[in-house]
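Here is the structure we will look at, set down as structure tokens.
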Amino acid sequence: MKIKILAMAFPLAVLISCNQSNKIQEEKKQPVSHVMTKEEQAKLTPDEVLKQFIDGNKRFQSGVTTVRDHSKQVRKSAPGQFPKAVILSCLDSRVPVEDVFDQGLGDVFVARVAGNFVNEDLLGSMEFACKVAGAKLVLVMGHQHCGAIKGAIDDVKLGNITAMLAKIKPAVKMSQDFQGKKTSKNDEFVKYVSENNVKYTIQQIREKSPVLKEMEDKGQIKIVGVFYNLTDGTLEFIK
Ligand SMILES: [Zn+2]
């Protein structure tokens, strides 16, 4: 009799377990409508934000990114924003910044300029992001096959592009120790200059923004450089 009850209970347990599993699967399919709150932002450390970005990039690489309900997120985020980070990226259309880290509406400030350098306006924007709005991470992102970097290497002169490229020239100078052909046709050299450009930008942030430097020294923010590979969506951290 006992055996019979157990035998009957077993499929029931499996059924309940399957139902729960299906429920979890269903919940997983539900688009995310949550947006970052002030409390959640305050609890995050710079390292936790960086980890979330690394995990998000892995999801982006695998093609399984978070499904989001943008309409609900738009309405929920309207009263205020509490982003986790500020990302300084190149203008390039092949670098969809939020997608690269699988982040959504209200998650990140994105500052963009061809060649991801800093000037007064961009530093001001980044100071606003961290000091005023509470972001915990400054991410400077260069990328593979960057046209701005190639333009600086080739010393392109055209309209306002000339003055813009002048901001990237220090990175070209920093790269003169490169062993090999120092031309824009050499992908390895272009990458070398891109990485030096990220290093130079981070150096400029520390030198020209006492606000961000102090926050970094106190451990309130982290300033990190990355190189984004267009071909496979992967990131390389720049030391
Ligand atoms: Zn670029």
(request) Only one of these is in the same structural domain as residue 39 (by TED's automatic domain parsing), of a type in the set (Val, Ile, Thr) and farther than 20 Å from residue 237 by Cα: 95, 64, 118. Name it. (result) 64
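Okay, residues lined up against (1) more than 15 Å from the ligand (Cβ to nearest atom); (2) open to solvent by 10 Å² or more (accessible area, probe 1.4 Å):
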position: 124; (1), (2): yes, yes
position: 130; (1), (2): yes, no
position: 133; (1), (2): yes, yes
position: 142; (1), (2): no, no
position: 152; (1), (2): no, no
position: 156; (1), (2): no, yes
position: 162; (1), (2): yes, yes
position: 165; (1), (2): no, no
(request) Read through the list (1) assigned to a helix (DSSP H, G or I); (2) out of contact with any Asp or Glu (no Cβ under 6 Å at 6 or more places or on another chain); (3) open to solvent by 40 Å² or more (accessible area, probe 1.4 Å), then give the number of the only condition that residue 211 fails. (result) (2)
(request) Sort out for me the helices (runs of 4 or more DSSP H) sitting completely within region 35-106 that have 2 or more residues that are under 18 Å from the mean Cα position of the chain (by Cα). (result) 46-62, 97-100
(request) Could you pull out the residue among 108, 74 that is at pLDDT below 95 and β-branched (Val, Ile, Thr)? (result) 74
(message) Looking only at region 56-71, filter to residues that are open to solvent by 50 Å² or more (accessible area, probe 1.4 Å) and modelled with pLDDT of 95 or more; which one of those is farthest from residue 107 (Cα to Cα)?
(response) 62
(request) Please work out which residue is farthest from residue 237 (Cα to Cα), limiting yourself to region 67-92 and to residues that are away from the ligand (no atom under 16 Å from the Cβ) and aliphatic (A, V, I, L, M). (result) 78
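The values are calculated or read from the model by the stated rules, or taken from the named source; none is laboratory data. What you see is a predicted model; the values in this text were computed from it and never measured. With ideal geometry, Cβ positions are generated from the backbone for all residues, glycine too; neighbour counts draw on all protein chains shown. To get the accessible areas, we keep the full protein, side chains included, count just its heavy atoms, and leave off ligands, DNA and RNA. Shrake-Rupley method; radii C 1.70, N 1.55, O 1.52, S 1.80 Å.
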